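Quick one: the structure is below, questions incoming.
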Amino acid sequence: MAGNDDDYIYDEATGEWLPASEAAAKAAAASAVHDSAGNVLVDGDSVTLIKDLKVKGAGQTLKQGTVIRSIRLTDNPEEIDCRHDTIKGLVLRTEFVRKKS
């Protein structure tokens, strides 16, 4: 076993001991931010709304198909911070957006 210096971490979900590198990759994939279709979102992406959304406090509705550009990820993997022409400080839930291709 020379050359195998990898530490092992117990994965409670599967009940298995995994190499630390594999466990880290698994954790990174789980913490990634995904849109409603499962696509990975990153800072700067553009997204499209998949349904009409009433914006609390703004008294208006963002229509399905509205494109939001230059999103920013937040500490919460279920929310993205974004800008819209008429609304400042807009936070959307990722379940209501799809990454624009």
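Enumerate the aspartates and glutamates that residue 88 could reach by cross-link, defined here as Cα to Cα under 16 Å, with residues fewer than 8 away along the same chain left out.
79
Turning to a different aspect of this structure: Would you mind classifying the chain by shape? Square roots of the alpha carbon gyration tensor eigenvalues, ordered a ≥ b ≥ c; an a/c under 1.5 is rounded, otherwise it is prolate if a/b is larger than b/c and oblate if not. Before the final figure, lay out the partial values.
Working: a/c = 3.40, a/b = 3.12, b/c = 1.09.
Prolate, since a/c reaches 1.5 and a/b exceeds b/c.
Roughly what would the spin-label model give for residue 95 and residue 60, points 7 Å off Cα along C-beta, in nm?
Once both label points are built, they end up 2.6 nm from each other.
Something else about it: All other residues with a Cβ under 13 Å from the Cβ of residue 101 taken together, and with Lys, Arg as +1 and Asp, Glu as -1, what is their net charge?
+1
Run the numbers for residue 8 and residue 42: contour at 0.36 nm per residue of separation, minus the present Cα-Cα distance, in nm. Could the numbers behind the result be given before it?
Values: separation 34, 0.36 × 34 = 12.24 nm, distance 2.97 nm.
So the chain would gain 9.3 nm between residue 8 and residue 42.
Summing Lys, Arg as +1 and Asp, Glu as -1, what charge do residues with Cβ under 12 Å from the Cβ of residue 31 carry, residue 31 excluded?
Summing Lys/Arg as +1 and Asp/Glu as -1 gives -1.
Please give the helix 20-31 orientation as an angle from the longest Cα principal axis of the chain, in degrees from 0 to 90, rounded to the nearest 10.
Around 10 degrees separate the two axes.
Further, regarding this structure: What trypsin sites (Lys or Arg not before Pro) in segment 34-101 are in a loop by DSSP, with at most 11 other Cβ atoms within 10 Å of the Cβ?
Answer by residue number: 56, 63.
Right, here's the next one. If we count every other residue with Cβ under 13 angstrom of residue 90's Cβ, Lys/Arg +1 and Asp/Glu -1, where does the sum land?
+4
Any idea what the dipole of the chain comes to, in debye rounded to 20, about its Cα centre with Lys/Arg Cβ at +1 and Asp/Glu Cβ at -1?
In debye, rounded to 20, the chain gives about 1180.
Still on this structure, please answer the following. Under 17 Å Cα to Cα from residue 99, which lysines show up? Leave out anything in the same chain fewer than 8 places away.
Excluding near neighbours in sequence, the set is 51, 63.
Laboratory data are not the source of any read-out in this text; all were calculated from the coordinates shown. Computed from a prediction, not measured in an experiment: that's the story for all the values here. Cβ sites come from the backbone with ideal geometry, for glycine too, and all protein chains shown count toward neighbours.
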